[in-house]
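For reference, the structure is listed below as structure tokens.
No value in this document is a laboratory result; all are computed from the given coordinates. Note that the structure is a prediction, hence the values are computed from the model and not measured. Neighbour counts are summed over all protein chains in view; Cβ atoms, including those assigned to glycine, are modelled from backbone coordinates with ideal geometry.
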Amino acid sequence: MESKVFEPKIVAFCCNYCAYAAADLSGSMRIQYPPNVRIIKTPCTGRLEVQFLMRAFEKGADGVLVAGCLEGGCHFIEGNLFAKKRVNYTRNMLAELGLEEERLRMVNVSASMGRPFTELITDMIETVRKLGPSPLNEVERPESKVQS
Ligand code: FES
């Protein structure tokens, strides 16, 4: 019998300015990273609410990455600092729910950090791979059943 290898699903919320530009640059540089990541572009990480992060987990993400501009470099002044607080708050919530807080991480990059961005993504994937599937994905929900 064939055993299935766990491939973590990672959702990466990337701010429109530095983080998305870094992801774009890594693509232009043809730097490859595993295809486990789904990037969601946001105007600024400061736009992210706690419920968006939790919703990603509810919808099946094994890990969530928030990528914003370097501290002091946010195009909306303090958006990434607000995001940092929300990410820390959400990490505490995850721990209370019995999920490992390492499943949620915030990183800060500049638009020129194509290769470091790729390394951060790869490191996140490997961290979550070691943790295994999200316990939330093991709970069968009525809406997850396919209707025919
Ligand atoms: Fe990048 Fe605010 S614009 S984090």
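Here is how the numbers come out for the structure above:
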item	result
Computed magnitude of the charge dipole of segment 1-141 (debye, nearest 20; Cβ of K, R +1, Cβ of D, E -1)	320
P(r) of the chain over all Cα-Cα pairs, binned every 10 Å from zero, in whole percent	12, 40, 33, 12, 2, 0
Where trypsin sites (Lys or Arg not before Pro) in DSSP loops with at most 12 other Cβ within 10 Å are excluded, longest remaining stretch of the chain	60-144
Segment 6-45 and segment 73-114: distance between their alpha carbon centers, rounded to Å	15
The chain: angle of helix 18-28 to the longest principal axis, Cα-based, in degrees nearest 10	80
Alpha-carbon spread of segment 95-137, three principal axes, descending order, Å	37, 18, 13
Computed label-point distance, nm, for sites E101 and Y89 using a 7 Å Cα→Cβ extension	1.5
Sites S112 and E49, calculated FRET efficiency, Cβ-Cβ separation with R0 30 Å, nearest 0.05	0.55
For D24, D62, order by how many other beta-carbon atoms lie within 10 Å, fewest first	D24, D62
Three semi-axes of the equivalent ellipsoid, segment 71-112, Cα gyration tensor, whole Å, largest first	25, 11, 5
Prolate/oblate/rounded label for segment 2-45 (Cα gyration tensor, a/c 1.5)	oblate
